[in-house]
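Below is one structure, written out as C-alpha cells; the observations come after it.
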Amino acid sequence: MRTFIVDDDSYGIRLTDTSDGRNSASMLINRMYAWRGYSGDHQPSSDPNRITLTATDKGDVVGTLSIGIDSEVGLMADEIFKDELDAHRGRGAKLCEFTKFAFDPSVRSKTALANVFHLAVIYARDMHGCTDIVIEVNPRHRRFYERMLGFRKEGELKTNTRVDAPAYLLRVNLQFVTGQIARFGGSYAEEGETEERSFYPYFFSPREERGIINRLLRMDESHPA
C-alpha cells in the first residue's frame, strides 16, 4: 500500500494495491453496508481497471472508494443500466464509475470525504482521460449526490441485485466538476466559511490539485505497468 497524497501524523489517503489493503477496505465496506441493510460480500477488486482508495486515521482504515474505468469488459453498472451507459458511449464519452464508497460514521470531517472524492476525480480525469462519472445510489442518498456534487439522474429506479436494494443511476460530467473545483476548491479552508453549499469548497484548491496531479504523473512514470 503506497501513500501518495495526504500523509500527516495521523491522516492519509492511499492507493490500495495489496491484498492486505483490499481486505481492510473490504471489512469497512461490509460493516457499513450491513449497517445500512445491504446484502452481499463486497471485496475490492484487483482488476487493473479498478482502483481502490482508502483513507486512514492513525493507521486504521476509516474510508474507501473504488474507481472503475470503462473497458471492453464494461462497468458494474452495465448489469442493470447498460442502455443508459451505451447512450453516452455512443456520443463518445469515456465513462468511469465510483463504487464501494464507505466511510466510518465516526469520521465527521467533510474535508476527509471531499479529499477522497477529489483524488478519485483526478485519477479518472487526469490519469485515465475519463469524461463522465456514473454512480449507482440508493434513493435516500440521491439528493446528497445531486445537491453536493452536481450529479443528475439517468433513467428510472431499478433494483441493484448486488446489494438487493433499489438504485438510481446518476451521472456528472467532469467538465462541470473541473469548473466547480476551479471556482470553489479550497475556499472553505482558506476562508473558514463559505456561502456555497456544495461539497466543492472542501476539495483541494486548484494549486494543491496541480501539485497532486504532477506528483501522480511522476509516480506513474516511475512505476510503469
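The values are calculated or read from the model by the stated rules, or taken from the named source; none is laboratory data. Just so you know, these numbers come straight off a predicted model, no measurement behind them. Counting neighbours? That spans all protein chains shown, and the Cβs are built from the backbone with ideal geometry, glycine included. Accessible surface areas use protein heavy atoms only, side chains included; no ligands, DNA or RNA. Shrake-Rupley method; radii C 1.70, N 1.55, O 1.52, S 1.80 Å.
What to note about this one:
- On the stretch given as the stretch 107-161, residues that are aliphatic (A, V, I, L, M) and assigned to a strand (DSSP E or B) total 5.
- Pick from the stretch 191-210, criterion at pLDDT 90 or above and in a helix (DSSP H, G or I), ranking: farthest from the chain's Cα centre (by Cα): Arg207
- Taking each residue of the stretch 77-106 that is within 21 Å of Arg142 (Cβ to Cβ) and looking for partners that are open to solvent by 20 Å² or more (accessible area, probe 1.4 Å) and among the hydrophobic types (A, V, I, L, M, F, W, C) with beta-carbon atoms closer than 7 Å, six or more apart or interchain, yields Glu97/Met76; Thr99/Met76; Phe103/Leu113.
- On the stretch given as the stretch 155-180, residues that are among the β-branched types (Val, Ile, Thr), open to solvent by less than 30 Å² (accessible area, probe 1.4 Å) and either at positive phi or out of contact with any Leu (no Cβ under 9 Å at 6 or more places or on another chain) (or both) total 1.
- Residue under evaluation Tyr188, criteria (1) open to solvent by 30 Å² or more (accessible area, probe 1.4 Å); (2) within 15 Å of His118 (Cβ to Cβ); (3) touching a helix residue (DSSP H, G or I) at 6+ places or on another chain (Cβ under 6 Å); (4) at pLDDT 95 or above, criterion not met: (4)
- The number of residues in the stretch 111-137 that are open to solvent by 20 Å² or more (accessible area, probe 1.4 Å) and free of Cβ contacts under 8 Å to residues at least 40 places away in the same chain comes to 1.
- Yes/no for Ala225 being over 27 Å from Ser109 (Cβ atoms), modelled with pLDDT under 95, hydrophobic (A, V, I, L, M, F, W, C) and over 14 Å from the mean Cα position of the chain (by Cα): yes
- Selection count, the stretch 44-66, where residues are at pLDDT 50 or above, crowded, with 16+ Cβ neighbours inside 10 Å and touching a Ser or Thr at 6+ places or on another chain (Cβ under 8 Å): 14
- Flag for Glu79 being surrounded by fewer than 16 Cβ atoms within 10 Å (Cβ to Cβ) and not in a helix (DSSP H, G or I): no
- Qualifying residues in the stretch 138-154 (those that are over 16 Å from Ala77 (Cα atoms) and open to solvent by 60 Å² or more (accessible area, probe 1.4 Å)) - the one nearest to the chain's Cα centre (by Cα): Phe144
- For the condition within 22 Å of Thr161 (Cβ to Cβ) and open to solvent by 30 Å² or more (accessible area, probe 1.4 Å), Glu72 does not qualify.
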